[in-house]
Amino acid sequence: MTQTEPTAGGKPNPQTKGRPVGSGSDEDMGDMRNALLIGIDLGTSRTSIASINGVRKTVESYVGWAKDPVSRKHLGRDIIFGKAALDNRLSVDLYRPLEHGVIKHTGDGDEKNDEYNKNLEAAQELVRHIVHMTEPGRDDVLYGVVGVPAQATKRNKQAILEICQGVLDSVMIVSEPFAVAYGMERTSDVLVIDIGAGTTDLVRMHGTMPGDDDQVSFNIAGDAIDRKLLELIKKNHPEAQITITMCKRIKEQYGFVSSAQDRIMVTLPVDGKPTEHDLTKEVKEACEIIVQPILDGIHKLVSSFDPEFQEKLRNNIILAGGGGTLDGLNKRIEDGLDRVGGGSVTVVDEPMYAGANGSLQLAADMPAEYWQQLK
Ligand SMILES: Nc1ncnc2c1ncn2[C@@H]1O[C@H](COP(=O)(O)OP(=O)(O)OP(=O)(O)O)[C@@H](O)[C@H]1O
Ligand SMILES: [Mg+2]
């Protein structure tokens, strides 16, 4: 990687790295002979990267700094990432730098506090780490397209852009569901629903870059289900010892929103003793909280669309993001749509990499003027 300033308007020459599809002639390719194109999905719970050289990596969005010399010796380094950071949370200062898909900050407009700055630094280290995992060559010029939640504000996007500029040579910020649609080459009459940890983002595509009216975003997503599950287990099984991380794992293993389901029996400690609990009711109730907001979001985007294309949109709904894999969710949404004319909902092929793949594709296709801009 070179240490050059980000090149405003510089366009990579993707042909040097085996670009998947192309647009653009040799004249407008500029002089970026060592361009390395990458797509990043910067998520609240998981950050993924896809590079044009074929490398794909994903890491849980945790960053941990060793607390003291003892923990530094124990860990063998100052900073650790992903699951390792989570597993060693007692010996590190642990950060999950994004919340609701944007840099975590406390409340009011004045974001320049210590916690915010530390989260900014953690996010940048996370991006640096995952880019490093793709093993870029020393002379590679890094062109990265980074997907962020659909309704991140201009200021949120600016903060993420600045973080990435410290690591990449040229950056473009895009809305994540748009990246997913683009990667699937489904940019017209399709409605993408990206269910992440912090936010659920719905975007309707009609052949151009989506505008504000084409997007709906809300904070009921994977983390909200985990919090609800924790609340229900604490209420119904006060004797059980449970944490939010355990709830996340239970949801990922057993979560469902269909009607028929085997009993969900989970072993949880009670006073230190492993004890079986029937959590069927709690898991179902927690997972259910996502269904109605999604149906409302679909309704809003479909009903305000050109009437001649509404049916097409309803029949081309795509679920992406980790939450999109929730058992029975596509069928459940289809059932909900029956009341408003029916619809067809499918789950994207690679929920883990759909955002990063789409961002990579955008990196390969976008003309010069889109780089360094906030889209
Ligand atoms: N099998 C599963 N069933 C239900 N939920 C799951 C499953 N696998 C992962 N998840 C949940 O998906 C969420 C993570 O999805 P994803 O990785 O797309 O989020 P993210 O991109 O990090 O978040 P955001 O887009 O909000 O910033 C987490 O809440 C995780 O628990
Ligand atoms: Mg996401």
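The values are calculated or read from the model by the stated rules, or taken from the named source; none is laboratory data. This is a predicted model, so every value here is computed, not measured. All Cβ positions, even for glycine, are placed from backbone atoms using ideal geometry, and neighbour counts span all protein chains on display.
Tabulated data
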| item | result |
| --- | --- |
| Listing of strands (runs of 3 or more DSSP E) fully contained in the stretch 192-305 that carry 2 or more residues being more than 19 Å from A152 (Cβ to Cβ) | 265-270, 273-278 |
| Hits in the stretch 310-347 - residues which are more than 16 Å from ligand 2 (Cβ to nearest atom) and in a loop (DSSP other than H, G, I, E, B) | N315, N316, G328, G341, G342, G343, S344 |
| Residue that is farther than 29 Å from R204 by Cα, charged (D, E, K, R) and without any contact (Cβ under 8 Å) to a residue 24 or more places away in the chain, where the choices are E276, E282 | E276 |
| Number of the exception - V192 against (1) surrounded by fewer than 24 Cβ atoms within 10 Å (Cβ to Cβ); (2) in contact with a Leu (Cβ under 8 Å, 6 or more places away or on another chain); (3) within 21 Å of V345 (Cβ to Cβ) | (1) |
| Every residue from the stretch 350-375 that is modelled with pLDDT under 90 and within 16 Å of ligand 2 (Cβ to nearest atom) | E350, P351, M352 |
| Every residue from the stretch 194-219 that is among the aliphatic types (A, V, I, L, M), closer than 18 Å to L295 by Cβ and within 11 Å of ligand 1 (Cβ to nearest atom) | I195 |
| Residue list for the stretch 317-356, filter: more than 13 Å from ligand 1 (Cβ to nearest atom) and within 18 Å of A181 (Cβ to Cβ) | I317, I318, I333, G343, S344, V345, T346, D349 |
| Filter result for E276 (surrounded by fewer than 16 Cβ atoms within 10 Å (Cβ to Cβ), among the charged types (D, E, K, R) and within 21 Å of the chain's Cα centre (by Cα)) | no |
| Options A85, A123; residue that is aliphatic (A, V, I, L, M), within 14 Å of ligand 1 (Cβ to nearest atom) and buried (at least 20 other Cβ atoms within 10 Å of the Cβ) | A123 |
| Scope the stretch 260-273; condition out of contact with any helix residue (DSSP H, G or I) (no Cβ under 8 Å at 6 or more places or on another chain) and either under 12 Å from E239 (Cβ atoms) or in contact (Cβ under 8 Å) with a residue 24 or more places away in the chain (or both); matching residues | P269, V270, D271, G272, K273 |
| Odd one out for D189, checked against (1) without any contact (Cβ under 8 Å) to a residue 60 or more places away in the chain; (2) acidic (D, E); (3) under 30 Å from I298 (Cα atoms) | (1) |
| Some residue of the stretch 193-200 being in contact (Cβ under 8 Å) with a residue 60 or more places away in the chain, touching a Gly at 6+ places or on another chain (Cβ under 9 Å) and assigned by TED's automatic domain parsing to the domain that holds S45 | no |
